[in-house]
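Structure first, commentary second.
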Amino acid sequence: MDSLAVAFFAFLGGDLRFFLSSIIPNQHFPIATVLINLTGSFLLAFITTYIAERWPLPHWLVVGMSTGFVGAFTTFSGFSLEELTLLTRHQLGLGVIYLLTSLIGGFLLASFGMALGRKLLN
């Protein structure tokens, strides 16, 4: 059942990522990927910290939402390719901004998601 849930939720997460990437302009800076990955960092921490603990959901549903939806919604490979593209185009400043925004922002939003989840549990 876990595999089916992951596949189903991955379809939804990947489709949402595709939709958002198509409506958010990415002309000089990969803002869509940044927003998607930062949102995913928050969601994964919040789902695993709060939702999975607050409600007695079946394991397959939690795995589907976290591994399936968030895993397909976020994109490390897209981040890597866009970072490399900025660097090979000699856009070092934008490359550094993208790298730091993604890494630090992802960490901060995951921390926020976990903290919010814990606060709501108490």
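Read-outs: derived from the displayed coordinates by stated rules, not from any lab. Just so we're clear, the structure is a prediction, and the values are computed from it rather than from any experiment. No Cβ is skipped: glycine too gets one built from the backbone with ideal geometry, and neighbour counts run over all protein chains shown.
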- Sketch the reach of a paramagnetic label on Met1 as a point 7 Å from Cα along Cα-to-Cβ, and name the residues of segment 47-62 whose backbone nitrogen lies under 18 Å away. 52-62
- Distance from a point 7 Å along Cα→Cβ of Phe107 to each backbone N in segment 32-52: keep the residues under 16 Å and list them by number. 38, 41-42
- Return one number: the angle in degrees, 0 to 90 and rounded to the nearest 10, between the long axis of the Cα atoms of helix 92-121 and the longest principal axis of the Cα atoms of the chain. 20
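Classify segment 1-61 from the C-alpha gyration tensor, please: rounded if a/c falls under 1.5, else prolate or oblate depending on whether a/b exceeds b/c. Mind showing how you got there, number by number?
Values: a/c = 4.12, a/b = 1.82, b/c = 2.26.
Judged from the Cα gyration tensor, segment 1-61 comes out oblate (a/c at least 1.5, b/c at or above a/b).
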- Message: Apply the a/c threshold of 1.5 to the C-alpha gyration tensor of the chain and tell me whether it is rounded, prolate or oblate.
- Response: oblate
